[in-house]
Amino acid sequence: MLEITELTIYILEKVIHEVAPELLSVYNIREDESEEQQIKTGQLHENRILGIMLRFYLEGRKKITTREVELEYKKFYKVIARSTVSTYLNILKKEGTLSKERDGRLVYYIFSEDPPDDISPFWFTRLFCVDPAYFHRAIYFSSLYSIADIIIKKHMKKGNFDELVDCFRYLTGIIILDVLKNRSSKCILCQFGKQKRYSDLLEAINSAIKDRTDVLPSDLQEILINKFAEIPNFGGYRFEDGNKEIEMIEGLISLANQYKKDMEYQTMVLNRRINTRVLEEVKEDNKQISSF
């Protein structure tokens, strides 16, 4: 997967602006009550560090250095000292959650056991912060969206090129929204987070998704949110190696072909909604102006 950089964040936000501009200012909200009140900060740091370890693990990287954890931590959370990162990595080692491996002067940290699959999200979020894993998945699909024409040109077997590019982009756009939904639905359960804040975010994302999927077949919606947009620990596709990635992309192209007519109709419905809302907003503005 791609690293989080200013460029990849720009690409993700550009895609969100194109797909669901109403979410651009709220999609990445993260508010931790424990951090604000300075309660259970030790557990909070452990939760975040394990979330970072999980993100690397899902990409097929099982050995991570203190430096890598420190750099990744800065991308998601308030900066803490490298010594603090090292302290909590060692605490997790003493607890048996992580193990250590040396390679010359480098020290690597490794999960003592593989992260659990198919367990309740409630218990999962007590161990792992899910932000790194979900945002990297969103960034990955935003990269596919941005190079859709190149992907279709390489993998297309039948159909109209321009139509297939549009449908592929539509699907990847929905997947990104679904990733954000899956992330916020886990954050609501987090013991450290502000549940009301995440509940409001989830409501906004659900509304955006409904506007863009409500006439699409339910089987298509289910595979997008449960397989493409979900992390492997909850049943999502794994594509950490090249072959699995190609298989996943070809599967997405196949869906774009199969449901092309449905997406054309959904796009027409969405455009009508947008136009209606714009007209209603103009009318409301005119009323307010005339009242002065």
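Since every read-out is calculated from the coordinates, none of them should be taken as a lab result. A quick note: this is a predicted structure, and the numbers were derived from the prediction, not measured. Here Cβ is always computed from backbone atoms with ideal geometry, including for glycine, and neighbour counts include all displayed protein chains.
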Just grab the label-to-label distance for S83 and I110, each label 7 Å out from Cα along the Cβ direction, in nm (one decimal). 3.0 nm
Scan of the chain for trypsin sites (Lys or Arg not before Pro) in DSSP loops with at most 11 other beta-carbon atoms within 10 Å gives a longest site-free stretch of 159-292
Hz values of 3J(HN,Hα) by residue in the range 200-212 - Karplus curve (6.51, -1.76, 1.60), Gly and Pro given as x: 5, 5, 4, 4, 5, 5, 4, 5, 5, 5, 4, 4, 10
Can you sort S199, S185 from fewest to most other Cβ atoms within 10 Å of each residue's own Cβ? S199, S185
Size of the range 150-292 as Cα extents on the principal axes (Å, biggest first): 64, 47, 25
Do the sum for the chain: with -39,500 (n - 2.57) for every DSSP H run of n ≥ 4, divided by all residues, what is the mean residue ellipticity at 222 nm, to the nearest 500 deg cm²/dmol? -21500 deg cm²/dmol
Ordered by fewest other Cβ atoms within 10 Å, a rough proxy for footprinting exposure, E3, E163 read E3, E163
Does anyone have the angle between helix 242-258 and the longest principal axis of the chain? Alpha-carbon axes, 0 to 90°, nearest 10? 20 degrees
Can you give me the P(r) profile for the range 27-185? Cα pairs, bins 5 angstrom wide beginning at 0, each as a whole percent. 2, 8, 15, 18, 16, 13, 10, 8, 6, 3, 2, 0
Nearest-20 debye value, the range 142-292 charge dipole, Cβ charges on Lys, Arg, Asp, Glu: 260 debye
Please report the orientation-averaged projected area of the chain, defined via the convex hull of its C-alpha atoms, in nm². 18.6 nm²
Apply the a/c threshold of 1.5 to the C-alpha gyration tensor of the range 34-124 and tell me whether it is rounded, prolate or oblate. oblate
Using the crude model of +1 on Lys and Arg Cβ and -1 on Asp and Glu Cβ, and no other charge, please compute the dipole size for the chain relative to its Cα centre, in debye to 20. 620 debye
Residues whose modelled amide H sits under 5 Å from the amide H of G193, counting only those 5 or more places away in sequence or on another chain, are E33
Determine, for T213, T65, the number of other Cβ atoms within 10 Å of each Cβ, and report the residues in order from fewest to most. T65, T213
Average Cα contact separation per residue, the range 130-278, under 8 Å, 6 or more apart, as relative contact order %: 28 percent
